[in-house]
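Reviewing the structure listed below.
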2 protein chains.
Amino acid sequence: MAEVRKARKEAAVAAAPVWSVDPRTGNPREQVADEATAEEVDSAVRRARAAGAGLADRTVRAALLRTAADLLDEAAEHVIEAADAETALGPVRLRGELARTTAQLRAFAGVVDEGAFLDIRIDHADATRTPPWPDLRRWKVPLGVVAVYSASNFPLAFSVPGGDTASALAAGCPVVVKAHPDHPGTSELCASVLRRAAARVGLDEDVLIVVHGFEAGVELVKHPLVSAAGFTGSIRGGRALFDAAAARPAPIPFYGELGSLNPVVITEAAAAERAEEIGAGLAGSMTLGAGQFCTKPGFVLAPAGAAGDSLLKTLTSAVSETEPGVMLDHRMRDAFVAGVRERAGLPGVDAPITPGAGGEHTVSAGFLTVPAELLTAEGGPHDLLLEECFGPVTVVARYASTDEIGAVLSRLPGNLTATLHLSDAEGAGTAPGAAELLAELVPLAGRVLVNGWPTGVAVAPAQQHGGPYPATTSTSTSVGATAIERWLRPVSYQSTPPALLPPELHDDNPLGLPRRVDDVPVR
Amino acid sequence: MAEVRKARKEAAVAAAPVWSVDPRTGNPREQVADEATAEEVDSAVRRARAAGAGLADRTVRAALLRTAADLLDEAAEHVIEAADAETALGPVRLRGELARTTAQLRAFAGVVDEGAFLDIRIDHADATRTPPWPDLRRWKVPLGVVAVYSASNFPLAFSVPGGDTASALAAGCPVVVKAHPDHPGTSELCASVLRRAAARVGLDEDVLIVVHGFEAGVELVKHPLVSAAGFTGSIRGGRALFDAAAARPAPIPFYGELGSLNPVVITEAAAAERAEEIGAGLAGSMTLGAGQFCTKPGFVLAPAGAAGDSLLKTLTSAVSETEPGVMLDHRMRDAFVAGVRERAGLPGVDAPITPGAGGEHTVSAGFLTVPAELLTAEGGPHDLLLEECFGPVTVVARYASTDEIGAVLSRLPGNLTATLHLSDAEGAGTAPGAAELLAELVPLAGRVLVNGWPTGVAVAPAQQHGGPYPATTSTSTSVGATAIERWLRPVSYQSTPPALLPPELHDDNPLGLPRRVDDVPVR
């Protein structure tokens, strides 16, 4: 009897269907795939590994990335339609996200072409050293199969064709993506485009494979042939996978982006000078995409008193004009409504506009206020206000003194971003205090902004999208040129005959790569 | 009664004495310190953190590193005497190790001066992008307090004044070192020299603090204000600390160098061509420093048949001429003797020269042989031969075919090094097979060598001292210029007024640092 139940259960797991769901109604749209069994995950990893050999050629890698971008552009209407049906993010936003995704693929092709990421260093033998130095030539090689865990809130830019995939392929690593259950159809569609791109440049399509299912994701991070993982999602899910990666017999790097409060500090002088501009800007940033950005400003330190009141008046008016929005799925909607209710019920917390359930399937934006002094002591119920609440809500803490700003900032966890709003004189350094405030923000985040808003992450070489835990589980970035560094490891060749060296390490530099030779940069 | 026991226990912990021991006799020499209590560890971390502010100035950091090197040179005789008394490594080796240590400190001063490690990237605002790019300026900042766990076998170069400390200080991080119990007196002496150097350049001495005791080491990696850790030691100890670092509420990077077999492959043609040279070289490398190097060649694939026999004949004769040696402590000696006995007792294993207990306090070198075919199947008792045995022993597996080489290599764990011995024609590429063998070795190690020996790790910019787990717990290196990268994290400034930017990120590059501006390298 137990055997029968076990067999049934196994059969049920093997056949668990993956449905595409319409978040605007909560209704299932179509069955897209089945969840992968442990055997299927194993097969996917082995096939990806075998296919990965073709990625050793950097020219082919660059061609793959550019072809993937071209084919995604060609399939744009299908991709946007599929993503909108599953995420309700809307065609305008998704068109922008697709443009960002293809630009990102092309940017990594440029990174591959240039070759600086190989970090080539050649030290010729030096008998004058004590002890003598042998000939040493170092570059970076791909780690192996990379597991990518897609984000709910970016069905393109942080999912199948997103930054983790692009940077891993650029590094020469085949990829197995665990699709997000909020957009399985989009994931399958994008995977088919990327696999077509692989075939077109002469690669095995299995350099990218998509699997579905929670258990499949757990199997994936534990698989002995998986060499590293990239993740964008919640603290709870990301930490569980991080722990599994660290607990392996041979631990692997786990590059997770988990959660971020993205604090904003508005000085008294800034509020006095630009109350309306800042209030309107904050409303726009915190409600953008129904507040479903990892860089949403979720915590604001604003001055008590008249200037702050004026700012909040604009914020109130701007937020109240925001239409109710559809969140990515109903579980998130429920979590948002419950999270807001719990926070709003805390003593001393007011809700000038109560965020929460909009219609049956939507949420309405709002914000909460609290005296900053309630947040300076550790361990109280108000600590909840220092945790991210995913959705269109922010917490405005009103401070009475600069000391209170510092006391609250010192209690914040790590963040992707931290923002400072200053008056003109403070920004110009002709009024005091700004440098000190900025120095308090830098330890809290990977990106600091002045007089801007953190939503919107440019795919630029100088970007840093990552910060102290729990913002990320590493010191790296998941956006920008240096994201490629996550998937490489250095290898040094000692006293190796030229016939056996890769051309990248030959003395005559036949590929024209940037290198350091005898500790001097040359190109 | 329970209270009394508790108080007694606490008092006992507080007062646990740390003794310097003579490994040549096993006798205690003198009490050097007390083990640090949890409170003392907490105080050390907080004091180091406060002192670390002074390290923000790169000029001062470079001066600290050079002054530390100068003062160590001045104190050379004392340092070598102290280290020899506690480790029995002998003055010749220790003089070399000190030279290497001071050269390493000076090399990192050069790295600090040059500033390439800051990885500065400036992207000016670009309105032509979709969406427009803001002004972004990225560099790397120090992580915070670094915990360093000293190695037993390098009382200088991988201990208090060693590579982890030098690279962390170069990065701008204050350091708390957990001293190794095999050389507490040397640790105290070196710490006093480094603290004197700090004072001489105007820094708070607490930029470097030494603590003693096993429990103190555990407290240290768990301390909320410790930001990263470096470790050189055993798989067991390193893995326990790695696990503790990963299990923290906010995990921290743990850069551990744990253990390595350092495989050597000798081709049939190489053995035929240079049997004596290779046999003698292997004997020298595996017995160097009583086999107590992390890069000791602990596993050798040599051909069956006449050429291999000839090689082993030389090895036998060279090893038999080696004098018994004193190991770093008696616990290691006992582990070596037991480890050799267990391995030698396996079926099919021969001991042409039985390694083991020499005199009462010494060990004698030797080696074991085994048919390679016994190592190709998983899960058998012979797997023990694929684990590191610390001390003057190596395992020579005799292979009958090239396929057997591949089958055994595919079963090896990660290594610091992997070595290939080739004939002249194989090295020149005029005889086949060498490229394929090298391609099998690269996935196994961070440094691959041809026709050399892995002991001896040049402190060169192109060095890679780190490899797949368990060689290291990360993809980084603990030796060479890039070791500094472990203690930094990137921060990007968005739209920040020049008055608030660090000078390193100003447009006019007042410090003349190497940078990438709008994705083009400039200097």
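Among the residues of the stretch B:268-286, at least one is among the basic types (K, R), over 29 Å from B:P17 (Cβ atoms) and surrounded by 19 or more Cβ atoms within 10 Å (Cβ to Cβ). Across the stretch A:472-504, the number of residues qualifying as over 21 Å from A:V145 (Cβ atoms), of a type outside the set (S, T, Y), in contact (Cβ under 8 Å) with a residue 60 or more places away in the chain and in contact with a helix residue (DSSP H, G or I) (Cβ under 9 Å, 6 or more places away or on another chain) comes to 3. Screening B:A483 on (1) in contact with a His (Cβ under 9 Å, 6 or more places away or on another chain); (2) open to solvent by 50 Å² or more (accessible area, probe 1.4 Å) shows it passes everything except condition (2). Hey, among the residues in the stretch B:178-193 that are open to solvent by less than 10 Å² (accessible area, probe 1.4 Å) and in contact with a Pro (Cβ under 9 Å, 6 or more places away or on another chain), which one's nearest to B:A50 (Cα to Cα)? Step by step, filter the stretch B:178-193, then rank; the result is B:A191.
Exactly one residue out of B:L422, B:L412, B:L416 is closer than 30 Å to B:Q104 by Cα and open to solvent by less than 20 Å² (accessible area, probe 1.4 Å), and it is B:L416.
Could you tell me whether the stretch A:152-161 includes any residue that is farther than 19 Å from A:D508 by Cα, among the small types (G, A, S), open to solvent by 10 Å² or more (accessible area, probe 1.4 Å) and more than 14 Å from chain B (Cβ to nearest Cβ)? Spell out the reasoning first.
To start, the set of residues in the stretch A:152-161 that are farther than 19 Å from A:D508 by Cα comprises A:152-161.
Within this subset, residues satisfying the condition of being among the small types (G, A, S) are A:152, A:157, A:159.
After this cut, where a residue has to be open to solvent by 10 Å² or more (accessible area, probe 1.4 Å) as well, the list is A:152.
Next cut, more than 14 Å from chain B (Cβ to nearest Cβ) only: A:152.
Checked against the condition, which is being farther than 19 Å from A:D508 by Cα, among the small types (G, A, S), open to solvent by 10 Å² or more (accessible area, probe 1.4 Å) and more than 14 Å from chain B (Cβ to nearest Cβ), the stretch A:152-161 yields at least one hit.
In the stretch B:317-357, the qualifying residues are those that are of a type in the set (S, T, N, Q) and assigned to a loop (DSSP other than H, G, I, E, B), and the one that is surrounded by the most Cβ atoms within 10 Å (Cβ to Cβ) is B:T322.
In the set (1) touching an Asp or Glu at 6+ places or on another chain (Cβ under 9 Å); (2) open to solvent by 60 Å² or more (accessible area, probe 1.4 Å); (3) farther than 30 Å from A:D508 by Cβ, A:T59 fails one condition alone, (3).
Within the stretch B:442-456, take every residue that is at negative phi and in a loop (DSSP other than H, G, I, E, B) and give me the one that is most open to solvent (accessible area, probe 1.4 Å). If we take residues in the stretch B:442-456 being at negative phi and in a loop (DSSP other than H, G, I, E, B), then B:W453 is most open to solvent (accessible area, probe 1.4 Å).
Every residue, every condition in (1) hydrophobic (A, V, I, L, M, F, W, C); (2) in contact (Cβ under 8 Å) with a residue 40 or more places away in the chain; (3) open to solvent by less than 30 Å² (accessible area, probe 1.4 Å), yes or no:
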residue: A:E205; (1), (2), (3): no, yes, no
residue: A:A216; (1), (2), (3): yes, yes, yes
residue: A:E219; (1), (2), (3): no, yes, no
residue: A:L225; (1), (2), (3): yes, yes, no
residue: A:I235; (1), (2), (3): yes, yes, no
residue: A:G238; (1), (2), (3): no, yes, yes
residue: A:F242; (1), (2), (3): yes, yes, yes
residue: A:A247; (1), (2), (3): yes, no, no
residue: A:P253; (1), (2), (3): no, yes, no
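On the basis of being touching a residue at least 40 places away in the same chain (Cβ under 8 Å) and not hydroxyl-bearing (S, T, Y), does B:V395 make the cut? When the stated conditions are applied, B:V395 passes them. Return the total of residues in the stretch A:425-437 being crowded, with 20+ Cβ neighbours inside 10 Å and facing chain B (nearest Cβ under 8 Å). Adding up the residues that qualify gives 2. Residue count for the stretch A:371-392, restricted to those that are crowded, with 21+ Cβ neighbours inside 10 Å, among the hydrophobic types (A, V, I, L, M, F, W, C) and not in a helix (DSSP H, G or I): 2. When you check A:R93 against the structure, is it within 12 Å of chain B (Cβ to nearest Cβ), among the basic types (K, R) and crowded, with 24+ Cβ neighbours inside 10 Å, yes or no? Criteria not met by A:R93. Under the condition of being among the hydroxyl-bearing types (S, T, Y) and within 13 Å of chain B (Cβ to nearest Cβ), the residues counted in the stretch A:218-265 number 2.
The single condition among (1) touching a Pro at 6+ places or on another chain (Cβ under 9 Å); (2) more than 14 Å from every other protein chain (Cβ to nearest Cβ) that A:A75 does not meet is (1). Residue pairs whose Cβ atoms lie under 6 Å apart, sitting 6 or more positions apart in sequence or on different chains, and linking a residue in the stretch A:456-471 that is within 8 Å of chain B (Cβ to nearest Cβ) and over 7 Å from A:G414 (Cβ atoms) to a partner that is open to solvent by 10 Å² or more (accessible area, probe 1.4 Å) and assigned to a loop (DSSP other than H, G, I, E, B), are A:P461/B:D519; A:G466/A:S476.
The requirement of being modelled with pLDDT of 95 or more, open to solvent by less than 10 Å² (accessible area, probe 1.4 Å) and touching a strand residue (DSSP E or B) at 6+ places or on another chain (Cβ under 9 Å) is not satisfied by B:V141. Within the stretch A:286-309, being over 17 Å from A:R333 (Cβ atoms) and more than 18 Å from the chain's Cα centre (by Cα) holds for A:F299, A:V300, A:L301, A:A302, A:P303, A:A304, A:G305, A:A306, A:A307, A:G308, A:D309.
For B:T128, the stated conditions hold: it is at pLDDT below 95 and open to solvent by 30 Å² or more (accessible area, probe 1.4 Å). The set of residues from the stretch A:111-130 being under 30 Å from A:D70 (Cα atoms) and more than 8 Å from every other protein chain (Cβ to nearest Cβ) comprises A:V111, A:V112, A:D113, A:E114, A:G115, A:F117, A:L118. Only a single item in (1) among the hydrophobic types (A, V, I, L, M, F, W, C); (2) closer than 16 Å to B:L194 by Cα; (3) within 14 Å of chain A (Cβ to nearest Cβ); (4) surrounded by 22 or more Cβ atoms within 10 Å (Cβ to Cβ) is not met by B:I80, and it is number (3).
Of the residues making up the stretch B:394-408, none is more than 30 Å from B:G52 (Cα to Cα), touching an Asp or Glu at 6+ places or on another chain (Cβ under 9 Å) and within 10 Å of chain A (Cβ to nearest Cβ).
Taking every residue in the stretch B:101-118 that is β-branched (V, I, T) and pairing it with any residue that is open to solvent by 40 Å² or more (accessible area, probe 1.4 Å), at least 6 positions away or on another chain, the pairs with Cβ-Cβ distances below 9 Å are B:T102/B:D70; B:T102/B:D73; B:V112/B:T59.
The residues of the stretch A:496-513 that are out of contact with any Leu (no Cβ under 6 Å at 6 or more places or on another chain), within 9 Å of chain B (Cβ to nearest Cβ) and open to solvent by 20 Å² or more (accessible area, probe 1.4 Å), listed by number, are A:P497, A:P498, A:A499.
The values are calculated or read from the model by the stated rules, or taken from the named source; none is laboratory data. Nothing here was measured: the structure is a model prediction, and the numbers come from that model. When we count neighbours, we look across all protein chains shown, and the Cβ atoms used for this are built from the backbone with ideal geometry, even at glycine. Only protein heavy atoms, including side chains, enter the accessible area calculation; ligands, DNA and RNA are left aside. Shrake-Rupley method; radii C 1.70, N 1.55, O 1.52, S 1.80 Å.
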